[in-house]
Amino acid sequence: MHRVGSAGNTAGSSRPRKEKRFTYVLNDADNKKHCAGINCLSYLNASTSGTSDYLFTGSRDGTLKRWEPKNGVTSFSATFESHVDWVNDAIIVGQNLVSCSSDTTLKVWNCLSDGACTRTLRQHSDYVICLAASEKNSNIVASGGLGGEVFIWDLDSSLAPVAKSVDAKEDEAPNGNSGPALTTLCNVNSSSNLASTNGQSHGYSPITAKGHKDSVYALAMSDTGNTLVSGGTEKVVRVWDPRTGSKKMKLRGHTDNIRALLLDPTGRYCLSGSSDSMIRLWDLGQQRCIHSYAVHTDSVWALASTPSFSHVYSGGRDQSVYLTDLSNRESVLLCTNEHPILQLSLQDDMIWVATTDSSVPIHKEPSSIIPGVPAITQHEILNNRRHVLTKDTAGSVKLWEITRGAVIEDFGKVSFEDKKKELFEMVSIPAWFTMDARLGCLSVHLDTPQCFSAEIYAVDLNVAGAQEDLKRSGSHGLSNGDTSTGKDVSLKNLPHPRSEVDDGAENHASQMLPSFEFSTVSPPSIITEGSSGGPWRKRITDLDGTESDIPWWIVDCVEHNRFPKENTKCGFYLHPAEGSPAPNITQGKLSAPRILRIHKVANYVVEKLDRPLDGNADSTFGMGLTSGQSQFSALDSSSRLGLKPWQKLKPSVLAPEMSLATVRAYVWKKPEDLILNYKVVHVHGPKFEDLGNRLQKYAHANHAVTSSPGAHPY
């Protein structure tokens, strides 16, 4: 699990010490399916909804989904997206769906909406693991988590309207003014209004049930709302009065963590499942265990009882579902799954099973399944900083293009390590993003100013009609991402970031490049870090212009076309090789973009050797040699201009397309400034009678072995 950090402020500074992170979550092409394990299930009957039966599933991919079972077929209905970490539990409370997450929050949703979060409740200090509610008192919810806290919430009070949400005022401009609404981000046509509904009510605090000293894994509440039970790593069942938070009793007997709890409708009998593999039945009136059931061979994680509380269904780490008669203690094995069982939900003759897999098995005659998408379990960012290699739970290895947010090649079930070696490129580009797959899919994290540190030639991004020297910062296109979904949901109406063309005199022309085009089938979601109000998540197509918690550096990029100035230069020295008759064309250190390719350095030497020197020292190096590319189209292996990092070891040829950064990383391998030495190889023949013709005909670069003993030449 991943803990979500928050930005801190520097005393006396108008800007945060750590700027807020901006994350793109790349969704699978089939966004109607979960892409990680299912942690929880909750069923809404048609009698309650007034429409249809609905099943709600909460997943480790950070989303909840609504399904409609009808005529033996379960179809997708809606996605509920706002949590930024695993969804650990979800329950139906009246017409509301309440969920809890490892992002330390509870969220309240309208069950019948298209995914609108109506309120976020924040009180826990760590992951929120479990929820419980009263059947007859539809506004009381209890929550427990890894912080050892148990809170009892009154939803009617916590959902009271407020004048301004916490989220709406968190991210303030450096001058102290409130941040802009960013209405230019997209059209205002979303059904979900995050800023006006996703805050916590001021002045409300839940009841606290104090007593746990360690993590709470399980909760259950009686139908009347008069009894609450909790269990966790302390191996005891604690009984509370949820109306006051006062302790009633402790029940001892388990020898390991308590992972599942049930109360009968009267609140007298309690069932507990534990990591000690035992199920125990407790009589709360007698304050003792009256039966023990040794059914499973490993931890019991899920319990579900019949309405009469005469039988219990159980599942756990041993991947089996059993039906046990509580009176005679007889058990029947109903089914065995391929994955550990996390939760069970009963409805008529069906048993819905939540497992660590992204699919939901349905046990009935005949059995069926709600399919999911295999979760990504392994990933590797390739050296070009644009491609990511992944492997999922099905064993498939795929290649992703980060600037498009899509799979560009599916290699099938091959060796991940072998494919990684096969795709290796000897290039060096700064790490402009970080990544994880904790949600079962790829999350691309952008932090400023690092995300502006990498430059990429437009031709390498396959930009149609791009000039050879046109380059852009890696995240410029992401901050102007275009989902092209048929409506203007991106930032493409705003000025695009400046792309630079070096004209040889450090004067850069401003040109327009298209935004990165993400998948039109499944556009990415974004996650931004809040401060006291916490982070939030939203699909980019649902942005409605009211999101006031967008990081300020994103605002600068999007609204004002301002980007942090990162040092993308590389210092180096350019000298004639030892024993070479070529003159010294520079005096002192040169400076060039790290992305500059060796053939441009060779062209620079060609130009200098082909004209009289003015004697002035060169302090900078420009790319404005327009004749260089056409000269290379007529390579002649009989003549070469050699460029190499001069070592005592034997030098060899540098590839023309290598950049200065690549030479530093793979050839030079030293912290000192790079030293390149050039050498002219004379060739006989009328075609090359003068030096100028010879050098302009071929301006190839040279490649050298490293200074490390025994290193092999690339």
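The values are calculated or read from the model by the stated rules, or taken from the named source; none is laboratory data. Everything numeric here is computed off the predicted structure, so don't read it as measured data. Don't worry about glycine lacking a Cβ; one is built from the backbone with ideal geometry, like all the others, and counts go over all protein chains shown. Ligands, DNA and RNA are excluded from the accessible area calculation, which covers all protein heavy atoms including side chains. Shrake-Rupley method; radii C 1.70, N 1.55, O 1.52, S 1.80 Å.
One table, with the values for the structure above:
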read-out: Kirkwood Rh in Å, taken over region 36-120 so that all alpha-carbon pairs contribute; value: 12.6 Å
read-out: 3J(HN,Hα) from dihedral phi, region 285-300, Karplus parametrisation 6.51/-1.76/1.60, rounded to Hz, x for glycine, proline; value: x, 8, 6, 8, 7, 9, 8, 10, 10, 8, 9, 9, 9, 8, 3, 9
read-out: Gained length - residue 369 relative to residue 521, 0.36 nm times residue gap less alpha-carbon distance; value: 52.3 nm
read-out: Accessible area, probe 1.4 Å, largest first, for residues 456, 129; value: 129, 456
read-out: 672, 330, reordered so the largest accessible area comes first (probe 1.4 Å); value: 330, 672
read-out: Amide N proximity, region 225-262 versus residue 157 label position 7 Å along Cα-to-Cβ, cut-off under 20 Å; value: 225-229, 240-248
read-out: 654, 333, reordered so the largest accessible area comes first (probe 1.4 Å); value: 333, 654
read-out: Heavy atoms of residue 460: accessible area, 1.4 Å probe, square angstrom to 10; value: 60 Å²
read-out: Sequence-distant residues sharing a close amide H with residue 153 (under 5 Å, placed H); value: 141, 142, 143
read-out: Residue 442 long-range amide H proximity, modeled H, under 5 Å; value: 26
read-out: Per-pair calculated FRET efficiency, R0 = 45 Å: residue 73 and residue 125 via Cβ, rounded to 0.05; value: 0.55
read-out: Euclidean distance of C-alpha centroids, region 310-331 and region 344-371, integer Å; value: 16 Å
read-out: Other-chain or far-sequence residues with amide H under 5 Å of residue 343's (modelled H); value: 354
read-out: Phi-based couplings in Hz for region 579-595 (Karplus 6.51, -1.76, 1.60; Gly and Pro marked x); value: x, 7, x, 5, x, 7, 9, 9, 10, x, 7, 9, 9, 8, x, 4, 6
read-out: Per-residue SASA entry for residue 609, accessible area with 1.4 Å probe, Å² rounded to 10; value: 30 Å²
read-out: Rounded to the nearest 10 Å², the accessible area of residue 117 at probe 1.4 Å; value: 10 Å²
read-out: Signed unit charges on C-beta, dipole axis of region 36-120, positive-most listed residue 52, 64, 86; value: 52
read-out: Estimated vicinal HN-Hα couplings, Hz - region 400-415 in sequence order (Karplus 6.51, -1.76, 1.60; Gly, Pro = x); value: 9, 9, 5, 6, 10, x, 9, 6, 9, 7, 10, 8, x, 8, 10, 5
read-out: Part-to-part distance (alpha-carbon centres) for region 123-151 and region 442-462, which is given in Å; value: 41 Å
read-out: For region 413-440 and region 235-276, distance of Cα centres in Å; value: 47 Å
read-out: Förster-model FRET efficiency, 35 Å R0, residue 47 and residue 291, C-beta, rounded to 0.05; value: 0.60
read-out: Relative contact order (percent, whole number), region 36-120, Cα cutoff 8 Å, 6+ residue spacing; value: 22 percent
read-out: Sequence ranges 230-238, 42-50, ranked by mean other-Cβ count within 10 angstrom, highest first; value: 230-238, 42-50
read-out: Out-of-range pairs (alpha-carbon distance over 21 Å; input 32/364; 213/235; 391/420); value: 32/364
read-out: Mean accessible surface per residue for region 36-120, computed with a 1.4 Å probe while every protein chain stays in place, in Å²; value: 26 Å²
